[in-house]
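The values are calculated or read from the model by the stated rules, or taken from the named source; none is laboratory data. Everything numeric in this text was worked out from a predicted model, so none of it was measured. Neighbour counts run over all protein chains shown; Cβ positions are idealised from the backbone, glycine included. Side chains are part of the model used for accessible areas, which takes the heavy atoms of the whole protein and leaves out ligands, DNA and RNA. Shrake-Rupley method; radii C 1.70, N 1.55, O 1.52, S 1.80 Å.
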Amino acid sequence: MAADGGSSSLQLPCVFSPKSRRYLALCAQDGRLRIWNTDSKTLQQEYVPSAHLSATCTCIAWGPCRTVKEGPQRKKRKSEAVQVEEKADLLAMGTAAGTVLIYSTAKGVLHCTLDGGHSGGVNCVQWHPEDSLLYSGSDDTNIIEWDLQTGKTRSKWKADRAAVTSLCVSPDGKLLLSAGQIIKMWDLATKEVYRKFTGHSTAVTTLRFATTRPPDSNGLYFLSGAAHDRLLSVWQVREDGKDKNSVVSFTLTDEPQDIDLIASNSKEEAVRLAVVCKDGQLHLFEHFLNGPCKKPLSPSCTVQMSDTKDSPSPIPLLAAALGADTRTVLLAYGNHLQPVMEKVEINTAERHICFTRDVQTSLSLSMETSVSKVKIPIVNTKSRVLIPGLPGHQAPVKATPQGSEKRKKDSDTKEMSIAERLGEINLSAVSTEKGSTKGTTSLQTDNFAVLLVQGLESNDVNILNKVFQTRKEMVIKKTVARLPLPAILPLVEEITKRLQGHPFTAVLMVRWLKAVLMHHTSYLASLPDLVTQLGVLYHMIESRVKMFHKLTKLHGKLYLLMTQVATSDSSTTVTDVDRTAKLVYEEESSDEDEASGDEGLPDDDSDNWEEDEATEETMEDEEEEEEEDEDPDRTESKANGQEDMEHENESEEE
């Protein structure tokens, strides 16, 4: 049963074990895998992956049930011999770094790690029902078939142009469904596309086979759900290949988060379906798959949880598992750190049911019992006390635990704190007679190195805050330079964790990160799994750089707008101030100027006319002398015309 939720970063995987439903596996916000026993309602196991902060778990899938030898047992007699029960053992976890972790719940250890196949984060994992094979889909658009006996890649092929967000293997183990936005059905024997189904506009997050019939009988159905989609679509694999559209759709109130179904083996058997949506509601469906249905089907029953306060608020459901009886459903609700598991009886005759529960009484009083600080998978009640001290340090620090043992033998006193032990270090070995100031500064940085190592080993927030609050560059550089190599990686993880917090602390942490990268780059480069260890730091810096680019664009646009507003305001203020006219013309003076101008016009015209007339007369006299012999009539007409013009000009003057 795969947890589909790799595409959504906010969705945390939460899955019940198959068949018996005895265990609930989930990954919380802290990156730890917790396995809860649904019978005793207690924490069975807790596993902290080595890269739980950088390579967070994105999807979980339980392997098929099998018989497991839990350890050396005595040989039983024939009377004691019973049939061996198959238990859910192996658990596959896909990570954001591209690796797949196989965890054994029976032994409480990591079974194997499948890496080197994907270059992007794993979005979905799916087990083969019979063979020891595992299929994983990733952001790098590839599907990988893993052989769990060898722990290596058996085959790898490109599935889609976009990221592979969901997988599902058919009950007979011959077909594989994969989806990004297009759903493809693959023949596992040849690794070729058998069918394609289109219809979703967003990334498909859920794929489940609804029937166990062979594909050549028109009786093979599967359902799919997509991100931001309030419908579950059912598709029929038809023999004639005319299966382009979905045949049935189930209506939901939100995007599907967890799905459990009991497949039908024949046409007379209905498919039972339990869907937990992202809004925390549970919808139950029951339908006979025997062809297309045009109208979307609404749930037969909807279940909600709420608390018992005066103003009740809803309690989100995390997962649900259908029982053998049609009325019983196993629910997990609350938060991911400590969920509440309960088996409830549901009256399916009612369309809407709301259960009221007091979650505070269901949870334990102290969270420390369930969230342990031990890094081994099996929760141990005994805790080890770490002795403060710097590995590889000289005599003064090593002598302090012996002195404390002597004091305990002599008198029954309290155990000394770290600050008191540091105060009792022999200062004469470090200080010099001539330059006491130099000795104190070197002692200060040495103390910071010791405090930093002890704070990282014991996860003491007070010690780490005291060390990280320093602002002196020289103190930071000397402290980082004196750290032992095993403390470098925990320091980088702590810096990464604090960089994600308040910007004020991030400013201080950048100085420490700069010092670490300056002094210990060669050591960090020699680590084989450096990419997984520093994945969160890299992604965080990259995301902040992307955000900085957008912010600079926004800052530039706002600056342009503000400058335009400022210039418009300044122009309006200038026009408001300069309202008085600089020159004033009086009406009398303007009339006199106009009159004088009108009187002068005809004088100018008359003078020009006299000059023109004189020039014309001289020109005409010359022409008349030249053409007198040739054309006497023409000269007469010109003379008459000239006289007419003279008369016209005289009339104009008058």
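Key figures for this structure:
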item	result
Count of the range 248-282 residues which are touching a Cys at 6+ places or on another chain (Cβ under 7 Å) and more than 15 Å from residue 205 (Cβ to Cβ)	2
Only one of 532, 563 that is in contact with a strand residue (DSSP E or B) (Cβ under 9 Å, 6 or more places away or on another chain) and assigned to a helix (DSSP H, G or I)	532
Hits in the range 89-111 - residues which are open to solvent by less than 20 Å² (accessible area, probe 1.4 Å) and not in a strand (DSSP E or B)	89, 98, 105, 108
Tally of residues being among the aliphatic types (A, V, I, L, M) and surrounded by fewer than 23 Cβ atoms within 10 Å (Cβ to Cβ) across the range 37-67	4
Residue match in the range 234-245 (condition: among the small types (Gly, Ala, Ser) and either surrounded by 16 or more Cβ atoms within 10 Å (Cβ to Cβ) or within 25 Å of residue 123 (Cβ to Cβ) (or both))	no
Matching residues in the range 251-270 - criterion: being of a type outside the set (D, E, K, R), farther than 17 Å from residue 353 by Cβ and surrounded by 20 or more Cβ atoms within 10 Å (Cβ to Cβ)	256, 257, 259, 264
Subset tally (residues that are modelled with pLDDT under 90, open to solvent by 70 Å² or more (accessible area, probe 1.4 Å) and not hydroxyl-bearing (Ser, Thr, Tyr)) for the range 555-597	17
First in the range 21-32 and closer than 18 Å to residue 90 by Cβ, second anywhere and open to solvent by 50 Å² or more (accessible area, probe 1.4 Å) and assigned to a strand (DSSP E or B), Cβ under 8 Å, 6 or more apart	22/87; 23/44
One residue from 275, 204, 248 being over 24 Å from residue 127 (Cβ atoms), modelled with pLDDT of 90 or more and buried (at least 23 other Cβ atoms within 10 Å of the Cβ)	248
Residue satisfying condition, being open to solvent by less than 30 Å² (accessible area, probe 1.4 Å) and touching a His at 6+ places or on another chain (Cβ under 8 Å), within set 492, 480, 516	480
Residue in the range 226-233 that is touching a Cys at 6+ places or on another chain (Cβ under 7 Å), open to solvent by 20 Å² or more (accessible area, probe 1.4 Å) and either free of Cβ contacts under 8 Å to residues at least 40 places away in the same chain or not in a strand (DSSP E or B) (or both) present	no
Matching helices (runs of 4 or more DSSP H) fully within the range 419-525 where at least 1 residues are more than 20 Å from residue 536 (Cα to Cα), touching a helix residue (DSSP H, G or I) at 6+ places or on another chain (Cβ under 6 Å) and modelled with pLDDT of 85 or more	436-458, 461-468, 473-481, 503-519
Elements of type strands (runs of 3 or more DSSP E) contained in the range 141-194, each with 1 or more residues being within 14 Å of residue 208 (Cα to Cα), open to solvent by less than 10 Å² (accessible area, probe 1.4 Å) and in contact (Cβ under 8 Å) with a residue 60 or more places away in the chain	166-169
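So that you can scan it fast, the table gives a plain yes or no per residue for (1) among the hydrophobic types (A, V, I, L, M, F, W, C); (2) closer than 30 Å to residue 271 by Cβ; (3) modelled with pLDDT under 50:
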position	(1), (2), (3)
309	no, no, no
337	yes, no, no
351	no, yes, no
359	yes, no, no
372	no, no, yes
380	no, no, yes
